[in-house]
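Below is one structure, written out as structure tokens; the observations come after it.
Nothing in this text is a laboratory measurement; each read-out follows from the coordinates by a stated rule. Owing to the predicted nature of the structure, the values given are computational and were not obtained by experimental measurement. Because the Cβ atoms are built from the backbone with ideal geometry, glycine has one as well, and the counts that use them run over all protein chains shown.
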Amino acid sequence: MDKSDESKNPVNRRGFLAGAAAGVAGLAAKPPALMAQQAALKPEAAHAPAEVTSNQRPGADFMVDVFKSLGIEYIAANPGSSFRGLQESFINYGGNKSPEWLTCCHEESSVAMAHGYAKIEGKPMMIMAHGTVGLQHASMAVYNAYCDRVPVYIVLGNILDVNYRRGNAEWVHSVQDAAAMVRDYTKWDDAPVSLTHFAESAVRAYTIAMTPPTEPVVLVADGTLQEEPITEKNLRIPKLVMSAPPQGDSGAVAEAAKMLVAAENPVIVAGRVARTSQGMDLLVELAETLGARVLDQKMRMNFPTAHPLAGHPGAGLGNLSAYDVILGLEVQDFWSMTHKMTGLNKFGMESQPTTKPGAKVVTISAIELNHKSNYQDFYRYLEADLAITGDPESTLPELIEACKKLITPDRRSAIQERSAKIAEANRRDHERDREMAALAWDASPISTARLSAELWAQIKNEDWSLVSNDRFISSWPTRMWNFSKHYQYIGAQGGAGIGYQAPASVGAALANRKHGRLSVSIQCDGDLNYAPGVLWTASHHGIPMLSVMHNNRSYHEERMFLTMLAAKYDRDPGTSDIGTALNGPNIDYASIAKGYGQYAEGPISNPQELGPALKRALERVKKGEPALLDVVTQPR
Amino acid sequence: MNKFAFLFLLCGAAALAQTNPGDPANGKRLFEGKNCYQCHGHVGQGGGAGARLAQTKLPQVAFIVFVRNPSSGSMPPFRAKVLSDQDLADIYAYIKTFPEPRPAKDIPLLNE
């Protein structure tokens, strides 16, 4: 090699030797893997300035088109940077209409609002959250919706590609598998990697959520897909095809009809039966066809409370000993309804059936199609005589027709006689309820019966909807009021997760708003304290509803448990306020509500003051505002 | 509890009832302080969690026997270490002071 060659080749002999020496030294200092990496590295390209502006449409615009095609009305969200692209597109590209953005102060509120909304509207609301911290906040509400078999459309922001994570927040808000946290209590999820994939999964998610058993679903909206310009060609949105609900096997339905028609005293236990108002009508038709009492677990508005065949909503649900055929329709914890267990916390619990010897149990339920293993919401195994997998509402028409075909004149006569007896028993139950309601009529704190009667007097001539459940107030509304429409009751949490009621009532009231219904909620104090910011959401978005506080100043269920346990162990039952009472100081809910922009009054302890206060508050609600009355109440 | 024990308790309580009419003021303190009201309501109206006590037809003896051996599933037995027979006599005396409620037929809101 001559000098001219050396000048052409930068790795000349001296350079090679020098490099080799350095290499040997380097070899001594660096591990082989690092050496291999260095060899593979290419010279760095000149540092190019980052492109910070673009006039191209971002992927989020297409995502908005997809969501609009699903007819989703609202998105409930607490803002988060991992879905900022979608938020911007929803507002500036989508016009913040269909869906409209709802500002929430907590992700648990977002999901519970969607939970309440779906129970009234019969379709899912979208919620958005960070795939990490947002979903962590939301998770209990997701679990409630799952246990309650309610569709919620959950979209999570996440940045999967490290190249797009700018700094600390975007690293700690990123996750490999965002839906993993809630996979045990959602029905389906996906994390699409292209817009084509996104559109298909978004449509699929909607269909899956809405096919009984309806449940929450999760779709991850990758941050890169949201914010990068659309480059995919021939993007299209798949047609939404709703699956027909699963119906019970015809042979099994015919067998059930035989058992029911032949029964001397059949009963229907209704869990999550009526998905729609048609479901209510069908249940009425079945009950009247059979002359069967309906015991309603009140997880949905299943059966009119004033119907002569309606079982008493307070007591008696657990007593099935009088019946020879028991039909359970999507019943929750059916085993506990048909068995008696020993008291609280006795080791080696014993149980025995409470049904009549020889009584037959028939079940129709779709939940067998979506059982998961980890969370125990499937309850104890019930040894039914006939178990039919299928959506009860969809199976009822065939069951009704099968029963009608089997009814002979003799059976018809027996059915009429039985129906008359049940109606008479119901009349006596209602009379007894009136006497019970009178017992603490003038008491202070105000009795839950008085509260319910005063509220009923104010709303009974309106098109009303009770957007709370009544379990914690001795079931007075369903004992006293005339519930006859599907939207008049929304049931409870599903997973018994407290903190559900306040946001669920706001979501349900939002669904009622466009129908012009008057939404009222009897709001438990402990529940409101989890995330009271939802009161502001109601004010901000002009969601009219009246919240009447059932303020017993405690987490009362737990307080009773502690009292019972202390007595059981011969210890002082008077200590149960510790850790359960919400007093010292008393919480001023009227001031809280005013702070969140609502009309509010209270605390009201004098029963004479309640009626006029309700009237004043309802005047504000009828003008389109949310309002709250703080009523200090008896414990239950 | 066997039959003999039940009768023994009944007789003991009956003897106490004959000698001690109970102190309603102390009964009120116990009814509230030992949390009877939590299930039965502040005026004994009962509800979803506990039986009605107001205007009870139970004689004191039977009341005490019941508290010691409740038949309902959720109420635990309150034994003498927690509430003595004297305490229960006082609570009974307090329950008996709950005023007679207005008849439901005289309350307009319950007749609509």
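Relative to its residue count, the range A:363-475 spans a Cα convex hull of 226 Å³ per residue.
Axis of helix A:195-210 versus longest Cα principal axis of chain A: the two differ by about 10°, to the nearest ten degrees.
Pairs exceeding a 20 Å alpha-carbon distance, out of A:LYS258/A:LYS298; A:LYS568/B:LYS96; A:LYS258/A:LYS360; A:LYS298/A:LYS622: A:LYS258/A:LYS298; A:LYS568/B:LYS96; A:LYS298/A:LYS622. Relative to the longest principal axis of the Cα atoms of chain A, helix A:250-262 runs at roughly 20 degrees. Per-peptide packing, taken as the mean over residues of other Cβ atoms within 10 Å, places B:44-55, A:263-274, A:454-465, A:243-254 in the sequence A:263-274, B:44-55, A:454-465, A:243-254 from highest down. Annotation: for a label point projected 7 angstrom from Cα along Cα→Cβ of A:LYS258, residues of the range A:267-297 with backbone N closer than 20 Å are A:267, A:290.
Among the trypsin sites (Lys or Arg not before Pro) in the range A:373-459, those located in a DSSP loop and surrounded by at most 14 other Cβ atoms within 10 Å of their own Cβ are A:ARG380. Centre-to-centre, using Cα atoms only, the range A:377-428 and the range B:68-88 are separated by 42 Å. Please list, by residue number, every one of the trypsin sites (Lys or Arg not before Pro) in the range A:488-569 that is coil in DSSP and has at most 10 other beta-carbon atoms within 10 Å. Sparse-neighbourhood loop trypsin sites (Lys or Arg not before Pro): A:LYS514. Taking the number of Cβ atoms within 10 Å of each Cβ as an exposure proxy, the fewest-first ranking of A:ILE154, A:ILE498, B:ILE64 is A:ILE498, B:ILE64, A:ILE154.
So which of A:LYS97/A:LYS485; A:LYS68/A:LYS123; A:LYS514/A:LYS623 end up more than 18 Å apart by C-alpha? In this structure, A:LYS97/A:LYS485 exceed 18 Å between Cα atoms.
Summing Lys and Arg as +1 and Asp and Glu as -1 over all other residues whose Cβ lies under 12 Å from the Cβ of A:ASN512 gives a net charge of +2. To make sure I understand the rule: partners must be lysines, Cα under 17 Å from the Cα of A:LYS356, and not fewer than 8 residues away in the same chain. Which ones qualify? Within the straight-line cut-off, A:LYS356 pairs with A:LYS340.
Suppose R0 equals 25 Å; then what is the FRET efficiency for B:ALA80 and A:THR575 from their Cβ-Cβ distance, rounded to the nearest 0.05?
0.85
Net charge of the neighbourhood of A:SER452, taken over other residues with C-beta under 9 Å away and scored Lys/Arg +1, Asp/Glu -1, is 0.
At 222 nm, what value in deg cm²/dmol follows for chain A if DSSP H runs of at least 4 each add -39500 (n - 2.57) and the sum is divided by all its residues, to the nearest 500?
After summing the helix terms and dividing by the residues of chain A, the value is -12500 deg cm²/dmol.
Computed extension length for A:ASN461-A:VAL241: 75.2 nm, one decimal, from 0.36 nm per residue of separation with the Cα-Cα distance subtracted.
Computed 3J(HN,Hα) for the range A:471-479, one whole-Hz value per residue from the Karplus formula 6.51 cos²θ - 1.76 cosθ + 1.60 where θ = phi - 60°, is 5, 7, 10, 6, 6, 4, x, 6, 7, glycine and proline marked x.
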